[in-house]
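*Asks:* Sharing a structure below in structure tokens format, with a few things to ask.
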Amino acid sequence: GLSQDTTARVRAFNEVSARWNLAFTHLSTEDAVLREFLATGGSVHKRQTLRDVVGSVNADLEWLEHHGGRIEAEHVAMLRVEYDGYTKVMEFVLSSPEKSERLTVYGDLALMEFGSLRAQIGANVERKQREFVQYLVGVDQDNLRLRWGAVAVVAVDLLLCIASMVVLVTYQRRAEREASSSRHQALHDALTGLANRQLLADRIEIAIREADHTDRLVGLLLIDLDRFKIVNDTLGHHYGDVLLCQVAERLIGSSRKTDTVARLGGDEFAVLLPDMDSVEDLPQIAEELRRAIQQPVELNGMLVDFGASVGASIFPRDSFDGEELLRHADVAMYVAKRGGFGVNVYDPRSDVHDPMALSILSELRHSINHGHLVLYYQPKVAVADRSLLGVEALVRWQHPSRGLLAPDAFLAIAERGEIIEELTDEVLRIAISQAGAWAGLGLRLPVSVNVTARSLLDPTFSTRLAQLLEQHGVSPDMLTIELPESAISADPALAAKALQEIRTLGVRASIDDFGTGFSSMTFLRDAAVDELKIDRGFVTTMRTDERNHVLVKTMILMARTMAVGVIAEGVEDELTLETLSGLGCQAVQGYHICEPMPAEALSRWLDRCAPGMVVL
Ligand code: C2E
Ligand code: CA
Ligand code: CA
């Protein structure tokens, strides 16, 4: 009688409880897989894994609806709407392109909805457990009046029930651990294990919210290693990584438990000081950290010296919110770097002094790392038959809010702010991989890239160049480096040596803006360049300005005498082209032929204006 009834009830409780537990586990798994998927930027091979788990809670909800009785059905109905919404968002995530804005937006939305769903399902699990315990208490008292045998049956059932619950709970814990480990991955830097940019941003928000109620201060330090690139390039990535891990350890070692140490990417680190007593402490803390990480590091048996620049900002003294706190620390860091100060605390005056330059600089650096630089290509054609000789790569900055920016708007700032090497590297990378892509299509399209004196004179330049060419399988003679003549006059001996190095690789060298600098005849004779590029300032006006006509004529003659190639840039009309042809100029470039344009547009231009022009 009663004991059988009890057994059946216990079983029913057990099954319903198990289903809610399962729903909880399924949901946690969906979330874990989603986070992993988002951490890869939505990679294709993780997509199927996510597709497989989306909607996994539906089966549990259906079971509960049909077998759980009226009360469970009511709880399910309340959940259903929300879970359907979650599933819909997951489908949007699945249909978003890799690394797209859309993916981030829907990903965030799904993560948010998960929180509330998890709480609701969790509440049901708890409710069921509570009801179960209450029931058991009642059963116990009834059982006192039962025969011992019946008690034993109930005890066995109970044991079974408890055992299966333990299994479930373990399973659920594991799912949660897995979920939290992929959460860990999404919020931490893979190399050093430090917090990443997102986690730092979260922590900043929390710190600021807390500081708002008290009179505590929130400090932020941004740390950028000096000369890291050189270590990385000369010793290789492995030792670069070792160095970064050492720096991470030192940062952790010299900060407090409550601080958040983060790596923001590359050689950039941050330390969040969530509760400081006084503004006066900041420079000292920054200086101590800097000294700690600056100790030489032993790499591959060598003691390597490197420096660090630290920028600091503080809430609420000079920044109103987290975003501003970060931006101001960034500005302070640039000031520190540029001035060689080591440590610099944000000073609104330096921002006011040169606000555009500083904010452009910090934006530009992030843009370089996030692929916002694009190249336009301008054809260079032979005067004789107008066949395509190659293209010049001209950098543009696809600015997130200000649109496409021309080099004039940011090159000088990049040069002053010491990020011209990074910019040159990125331009070279894009240009060389584009040349490789064209070669893959059967297009033999040599590319010219502009470099500044600073990039060329960097002792690791030719090594990096060789690496890039090899990486993309591009033959060195497909690349021409254009160096402005002014760069040569600055230090002719050094320039000659650097040019010699790249020519040894088989890369061609061109002197850009020729006629505006003061390179000597002996330099041109000895430096052995492949091409002189007559500055457009002479060319655009040579039809109307007799003196410029004479100069252009002389430069062409000079180039021919020294058996160096010659190209005129800035050809804007047919008459100029004909004049140049008469003067024996071999090659031209200019709006009259074609304006600079993106790679896709260039291939359309080739089809339209120059079919069959390319040497295959
Ligand atoms: P540049 O090397 O003398 O490049 C030629 C510039 O003249 C380009 O301007 C091009 O758009 C423009 N141009 C082309 N045809 C004509 C024409 O018929 N008439 C006139 N008036 N102009 C013409 P852009 O792209 O604005 O580049 C300006 C300068 O910025 C370049 O001058 C170069 O010195 C620098 N630059 C561009 N890209 C890079 C780069 O990737 N790295 C470095 N270091 N410098 C670059
Ligand atoms: Ca050029
Ligand atoms: Ca030029």
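The values are calculated or read from the model by the stated rules, or taken from the named source; none is laboratory data. Treat the numbers as computed from the prediction; the structure is a model and nothing was measured. Cβ atoms come from the backbone with ideal geometry, glycine included; neighbour counts cover every protein chain shown. Note: accessible area is taken over every heavy atom of the protein model, side chains too, but ligands, DNA and RNA are not part of it. Shrake-Rupley method; radii C 1.70, N 1.55, O 1.52, S 1.80 Å.
*Asks:* Quick check: is even one residue across the range 412-426 modelled with pLDDT of 90 or more, among the small types (G, A, S) and near ligand 1 (Cβ under 10 Å from one of its atoms)?
*Replies:* no
*Asks:* Next question, about the same structure. Give the range 409-424 a look and list any residue that's closer than 17 Å to P459 by Cα and open to solvent by less than 30 Å² (accessible area, probe 1.4 Å), or say none.
*Replies:* Of everything in the range 409-424, those that are closer than 17 Å to P459 by Cα and open to solvent by less than 30 Å² (accessible area, probe 1.4 Å) turn out to be I419, I420, L423, T424.
*Asks:* Another question about this same structure. Among D281, D277, D259, which is among the charged types (D, E, K, R) and under 27 Å from the mean Cα position of the chain (by Cα)?
*Replies:* Just a single option satisfies the conditions, and that option is D259.
Here is a yes/no grid of residues against (1) in a helix (DSSP H, G or I); (2) closer than 26 Å to A435 by Cβ; (3) within 16 Å of ligand 2 (Cβ to nearest atom):
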{"position": "T480", "(1), (2), (3)": "no, yes, yes"}
{"position": "A496", "(1), (2), (3)": "yes, no, no"}
{"position": "E501", "(1), (2), (3)": "yes, yes, no"}
{"position": "S519", "(1), (2), (3)": "no, no, yes"}
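Results for (1) in contact (Cβ under 8 Å) with a residue 40 or more places away in the chain; (2) on the phi > 0 side of the Ramachandran plot, shown as yes or no for each residue.
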residue: I230; (1), (2): yes, no
residue: T234; (1), (2): yes, no
residue: Y239; (1), (2): yes, no
residue: C245; (1), (2): yes, no
residue: R256; (1), (2): no, no
residue: D259; (1), (2): no, no
residue: R263; (1), (2): yes, no
residue: G266; (1), (2): yes, yes
residue: A270; (1), (2): yes, no
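Here's the yes/no breakdown for (1) more than 14 Å from ligand 1 (Cβ to nearest atom); (2) more than 30 Å from A431 (Cα to Cα); (3) not hydrophobic (A, V, I, L, M, F, W, C):
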residue: D530; (1), (2), (3): yes, no, yes
residue: R560; (1), (2), (3): yes, no, yes
residue: A563; (1), (2), (3): yes, no, no
residue: I567; (1), (2), (3): no, no, no
residue: G570; (1), (2), (3): no, no, yes
residue: Q589; (1), (2), (3): no, no, yes
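*Asks:* Next question, about the same structure. Among the candidates S462, S448, S520, single out the residue that is touching a Lys or Arg at 6+ places or on another chain (Cβ under 8 Å) and either without any contact (Cβ under 8 Å) to a residue 60 or more places away in the chain or open to solvent by less than 20 Å² (accessible area, probe 1.4 Å) (or both).
*Replies:* S448
*Asks:* Does D60 qualify as being in contact with a His (Cβ under 8 Å, 6 or more places away or on another chain) and more than 30 Å from D189 (Cα to Cα)?
*Replies:* Considered against the rule, which asks whether it is in contact with a His (Cβ under 8 Å, 6 or more places away or on another chain) and more than 30 Å from D189 (Cα to Cα), D60 comes out as yes.
*Asks:* So which of V310, V279, V231 is over 21 Å from I204 (Cα atoms), among the β-branched types (V, I, T) and in contact with a Leu (Cβ under 9 Å, 6 or more places away or on another chain)?
*Replies:* Sole residue among the options that is over 21 Å from I204 (Cα atoms), among the β-branched types (V, I, T) and in contact with a Leu (Cβ under 9 Å, 6 or more places away or on another chain): V231.
*Asks:* If we keep just the residues of the range 572-587 that are open to solvent by 20 Å² or more (accessible area, probe 1.4 Å) and either of a type in the set (D, E, K, R) or in a helix (DSSP H, G or I) (or both), which is farthest from ligand 1 (Cβ to nearest atom)?
*Replies:* G582
*Asks:* State which residue pairs qualify: first residue of a type in the set (D, E) and inside the range 370-393, second residue within 16 Å of ligand 3 (Cβ to nearest atom) in any location, beta carbons under 6 Å apart, and separation of 6 or more residues or different chains.
*Replies:* E392/Q378; E392/S448
*Asks:* Out of all the residues in the range 535-547, is one or more over 35 Å from the mean Cα position of the chain (by Cα), hydroxyl-bearing (S, T, Y), under 20 Å from S581 (Cβ atoms) and more than 16 Å from ligand 1 (Cβ to nearest atom)?
*Replies:* Within the range 535-547, not a single residue is over 35 Å from the mean Cα position of the chain (by Cα), hydroxyl-bearing (S, T, Y), under 20 Å from S581 (Cβ atoms) and more than 16 Å from ligand 1 (Cβ to nearest atom).
*Asks:* Here is a further query. Take S116 and decide whether it is of a type in the set (S, T, Y) and surrounded by 15 or more Cβ atoms within 10 Å (Cβ to Cβ).
*Replies:* No, not satisfied.
*Asks:* Which of the residues belonging to the range 81-113 are open to solvent by less than 30 Å² (accessible area, probe 1.4 Å) and among the aromatic types (F, W, Y)?
*Replies:* Passing the criteria: Y83, Y86.
Conditions tested, residue by residue: (1) assigned to a helix (DSSP H, G or I); (2) over 30 Å from G440 (Cα atoms); (3) within 16 Å of ligand 2 (Cβ to nearest atom).
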| site | (1), (2), (3) |
| --- | --- |
| L465 | yes, no, no |
| S489 | yes, yes, no |
| D513 | no, yes, yes |
| K533 | no, no, yes |
| T541 | no, yes, no |
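*Asks:* Can you tell me which residue among K380, K337 is assigned to a strand (DSSP E or B) and open to solvent by 10 Å² or more (accessible area, probe 1.4 Å)?
*Replies:* K380
*Asks:* Right, another one. Can you give me the number of residues within the range 475-515 that are open to solvent by 40 Å² or more (accessible area, probe 1.4 Å) and within 14 Å of ligand 1 (Cβ to nearest atom)?
*Replies:* Adding up the residues that qualify gives 2.
*Asks:* Oh, and also: If you go through the range 486-544 one residue at a time, how many are touching a His at 6+ places or on another chain (Cβ under 9 Å) and among the charged types (D, E, K, R)?
*Replies:* Final tally of qualifying residues: 1.
*Asks:* Count, please, the residues in the range 458-474 that happen to be over 16 Å from R508 (Cα atoms) and within 16 Å of ligand 1 (Cβ to nearest atom).
*Replies:* Within the range 458-474, residues that are over 16 Å from R508 (Cα atoms) and within 16 Å of ligand 1 (Cβ to nearest atom) number 1.
*Asks:* Oh, and also: I'd like the full set of residues that are assigned to a loop (DSSP other than H, G, I, E, B) and open to solvent by 40 Å² or more (accessible area, probe 1.4 Å), limited to the range 194-219.
*Replies:* Within the range 194-219, T214, D215, R216 meet the criteria.
*Asks:* Further question on the same structure: Going through the range 514-550 one residue at a time, which ones are within 14 Å of ligand 3 (Cβ to nearest atom) and under 14 Å from I481 (Cβ atoms)?
*Replies:* Result: E531, L532, K533.
*Asks:* Those residues that are within 15 Å of ligand 2 (Cβ to nearest atom) and touching a Gly at 6+ places or on another chain (Cβ under 9 Å), I need them from the range 560-587; list them, please.
*Replies:* V566, A568, E569, G570, V571, A587 - these are the residues of the range 560-587 that are within 15 Å of ligand 2 (Cβ to nearest atom) and touching a Gly at 6+ places or on another chain (Cβ under 9 Å).
*Asks:* Does any residue in the range 541-558 that is open to solvent by 20 Å² or more (accessible area, probe 1.4 Å) come within less than 8 Å, Cβ to Cβ, of a residue that is in a helix (DSSP H, G or I) and at pLDDT below 90 six or more places away or on a different chain, and which pairs are these?
*Replies:* M558/L524
*Asks:* Would you point out which residue out of V447, V474, V507 is on the phi < 0 side of the Ramachandran plot, touching a Pro at 6+ places or on another chain (Cβ under 8 Å) and either away from ligand 3 (no atom under 15 Å from the Cβ) or of a type outside the set (V, I, T) (or both)?
*Replies:* V507
*Asks:* Continuing with this model, one more query. Which of the residues that make up the range 356-388 are at pLDDT 95 or above and either within 16 Å of D425 (Cα to Cα) or within 16 Å of ligand 2 (Cβ to nearest atom) (or both)?
*Replies:* L373, V374, L375, Y376, Y377, Q378, P379, K380, V381
Yes/no per residue for (1) among the hydrophobic types (A, V, I, L, M, F, W, C); (2) closer than 23 Å to A563 by Cβ; (3) modelled with pLDDT under 95:
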position: N450; (1), (2), (3): no, no, no
position: L456; (1), (2), (3): yes, no, yes
position: L479; (1), (2), (3): yes, yes, no
position: E482; (1), (2), (3): no, yes, no
position: P492; (1), (2), (3): no, yes, yes
position: A498; (1), (2), (3): yes, yes, yes
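*Asks:* OK, next. Residues that are modelled with pLDDT under 90 and open to solvent by 40 Å² or more (accessible area, probe 1.4 Å): which strands (runs of 3 or more DSSP E) entirely in the range 220-334 hold 3 or more of them?
*Replies:* Filter on the range 220-334 gives an empty set.
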